[in-house]
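Below is one structure, written out as structure tokens, with a few remarks after it.
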Amino acid sequence: MTKSLHRSRRDRGFTLIEMIVVVGLVAVVSAIAIPVSIATISRARADSSAESTFRAISAARTRAIAERRNIYLTLETPNRIRLERQEINDLGQVTGVTEVANTLLEGGQEFLQFAGQGDTQDHFGAASAINFGGPTPVMFTTDGSLVDSAGDVVNASIFVGVPDQPITARAVTILGVSGLMRTWKWDGGKWVD
């Protein structure tokens, strides 16, 4: 008879106090995880956009070498990368240009530089979000170097980010003489590659 009056703990279920404690723990963990997740997503999108910028510019250099034609690199604000091939006739004269690629930055990224972030460790310039260090337009030549409209080799710094979100700051630098590139990430205090 005593057994039927006292059901085992397993049969009774949860008390109200236990339910409140569990709901409270879930709320605390959610309150911590959601902002962290949003920041993580923003950083991942920024990394993706920097990689997309890097790939588009790298494609310009690769095409210039492979096709034996100069490839103009145009960065149009707020977020477009346009590549154009310089056309040459049989006499070696420039006859025009043909657009070969048109890329939009992803995830709300734009060409911009946040105040107080300064230049990358390459020191190619931080006067603006797009700094080619010489007159535009710029192009990759058939040897892979980056030159300005006067034909002089130039280094470049290209800064991207989502407006009002400094954690999304990224940069791509180009060493003009070789066309080699690096990507950079703002860690909150300095640029890291």
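All of the numbers you see were taken from the coordinates with simple rules; none came from a lab. Only a predicted model underlies this, so the values are computations on that prediction, with no experimental measurement involved. Please note: Cβ atoms are built from the backbone with ideal geometry, for glycine as well, and neighbour counts cover all protein chains shown.
Give a residue-ordered list of calculated ³J(HN,Hα) values for the stretch 163-169 (Karplus: 6.51 cos²θ - 1.76 cosθ + 1.60, θ = phi - 60°; whole Hz; x for Gly, Pro).
Karplus-based 3J(HN,Hα) across the stretch 163-169 equals x, 6, 10, x, 5, 8, 5 Hz.
Going by amide H atoms built from the backbone, whose H comes under 5 Å of the H on Val138, apart from near neighbours?
Counting only residues 5 or more places away or on other chains, the set is Leu73.
Starting from one equal scatterer on each C-alpha and no solvent at all, send me the Debye-based log10 I(q)/I(0) for the stretch 14-192 at q = 0.17, 0.20 Å⁻¹, two decimals.
-1.00, -1.27
What list do you get for Ile81, Ile167, Ile38 if you sort them by fewest beta carbons within 10 Å?
Details: Ile81 22, Ile167 16, Ile38 10.
Final ranking by Cβ density, sparse to dense: Ile38, Ile167, Ile81.
Out of residues 5 or more away from Asn155 or on other chains, whose amide H comes under 5 Å of its own, with H placed 1.01 Å from N in the peptide plane?
Answer set, sorted by chain and number: Gly176.
Rounded to the nearest 500, what is the chain's calculated 222 nm mean residue ellipticity when only DSSP H runs of at least 4 contribute -39500 (n - 2.57) each, over all residues?
Values: 3 runs with 60 residues, N = 193.
Theoretical 222 nm ellipticity from helices: -10500 deg cm²/dmol.
Provide the per-residue ³J(HN,Hα) series for the stretch 178-193, in order, calculated from phi with Karplus coefficients 6.51, -1.76, 1.60 and θ = phi - 60°, each as a whole number of Hz, with x at glycine and proline positions.
Calculated HN-Hα couplings, in order: 10, x, 6, 10, 9, 9, 10, 10, 7, 9, x, x, 7, 7, 10, 9 Hz.
Can you tell me the dipole magnitude for the chain around its Cα centre, using point charges on the Cβ only (Lys, Arg +1; Asp, Glu -1), in Debye to the nearest 20? The partial results should precede the final answer.
Values: 19 positive and 20 negative charges, 289 e Å.
For the chain, the charge dipole is close to 1380 debye.
For Thr168, list long-range residues whose amide hydrogen, built 1.01 Å from N in the peptide plane, is under 5 Å from its own amide hydrogen.
Residues meeting the criterion, in which the H sits 1.01 Å from N, are Val162.
Hey, what do the phi angles of the stretch 123-132 turn into as Karplus ³J(HN,Hα) couplings, whole Hz, using 6.51/-1.76/1.60 and θ = phi - 60°, x for Gly and Pro?
Along the stretch 123-132, the couplings run 6, 8, x, 9, 5, 7, 5, 10, 10, 9 Hz.
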